[in-house]
Amino acid sequence: MSTFTNSRGTLKDFLSTAAAFARLADQANRLQHLQTLLDAALPAYLSPGARIANLKRGKVVIHADSGAVAVKLRQLAPRLAEGFIQQGQEVSGIEVRVQPRRRLSAGPRQKPPKILGERPKQALTSLASGLEESSPIRLAVEKLLKNA
């Protein structure tokens, strides 16, 4: 867990000063520790798609990036719970939820333009020349050819 520092101390120190923040800091530390244990227990291909979301009344909630990851985590849940207990954690069960990570993007993805080969261009040119000058289809084909 990274900590923010400034001239007044670390964020962790600040959160530990007030009782409510102390509980929050303790919970955050528990979750971070559980995440470390989870990462160590899971195969390398599965670990990036699973993260500890919460621990409440002994139940560990794990968010999975996809349904496929969730299925595998549910299969591994008894073994994971046993591993947490062996590491000294008070765990009574594991709940797995599908919760894809939010992906930050600058905007909607744009597909790269498709490039027509010579044969398709010739076929479209031939099609356009066989249509009436004012035909909407001819205008659309010519526009396509112009942009290709």
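FYI, it's all coordinate maths here, none of it is from the lab. Since this is a predicted model, take the numbers as computed values, not measurements. Positions of Cβ are generated from backbone atoms using ideal geometry, with glycine treated the same way; all protein chains shown enter the neighbour counts.
Within the shell of other residues whose beta carbon sits under 11 angstrom from the beta carbon of residue 144, the net charge comes to +4, with Lys and Arg scored +1 and Asp and Glu -1.
Work through the residues other than residue 73 whose Cβ is under 12 Å from its Cβ and net out their charges, Lys, Arg +1 and Asp, Glu -1. Spell out each step's value before the answer.
Details: positive: 51, 72, 74, 79, 97; negative: 65, 95.
Result for the neighbourhood of residue 73: +3.
Please report 98, 91 as a ranked list, fewest other C-beta atoms within 10 angstrom at the top and most at the bottom. Please list the in-between numbers first.
Working: 98 14, 91 19.
Lowest to highest Cβ neighbour count: 98, 91.
Across the stretch 129-137, rounded Karplus estimates of 3J(HN,Hα) from the backbone phi angles (6.51 cos²θ - 1.76 cosθ + 1.60, θ = phi - 60°) give 5, x, 9, 4, 4, 8, 5, x, 5 Hz, Gly and Pro being marked x. Every pair of different Cα atoms in the stretch 28-87 enters the Kirkwood calculation, which places the hydrodynamic radius at 11.5 Å.
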